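Written below as structure tokens is the structure these notes are about.
Read-outs: derived from the displayed coordinates by stated rules, not from any lab. Owing to the predicted nature of the structure, the values given are computational and were not obtained by experimental measurement. Here the Cβ positions follow ideal geometry from the backbone for every residue, glycine too, while neighbour counts run over all protein chains shown.
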């Protein structure tokens, strides 16, 4: 009987620990403008090897250079935990139909499923249809950079959205950015004051 109770307890503990932790953020925009979705998930599988699209990795490296040039204090270990940055045919199912990019903070459950989980890795996924539109219409990739910088702002810097009346890389509606040629100005504004509390 005690063996049965032990197995039952372990099964319930593991089932509970593997369920999704439902923190999500959604950007609401009009038309086909980029929408971002941030999620946290608990998983029991192992940490994946790095899988970063080469073209997107170049933008990530620019982001890191911009951080250094702006003297932003940040947790550099988060770049090591950024394991997946990819363009996908379809984003993982979310409750938000219009998402075009996702920043996921993936947690690995502790052995036995007891106690709090800690972040194991970070991943960013971009919807292929929107990725292709950006590449086709935007030769200098400013819109793609804005989208990826937005997601990196969430994943690496833990930034939140700007107030709705503000326009910038961390806007809830990044589709409001009508002048991507002012990218460097938006980057300056994004990093102003970031990391002062680290």
Which order results if 170, 190 are arranged by neighbouring Cβ count within 10 Å, fewest first?
170, 190
Once residue 136 and residue 176 are pulled to full extension, the length gained, defined as 0.36 nm per residue separation minus their Cα-Cα distance, is 12.4 nm
Segment residue 188-residue 165, extension gain: residue separation times 0.36 nm, minus the distance between their alpha carbons:
6.5 nm
Ranking 143, 108, 135, 93 by Cβ neighbours within 10 Å, fewest first, what do you get?
93, 135, 108, 143
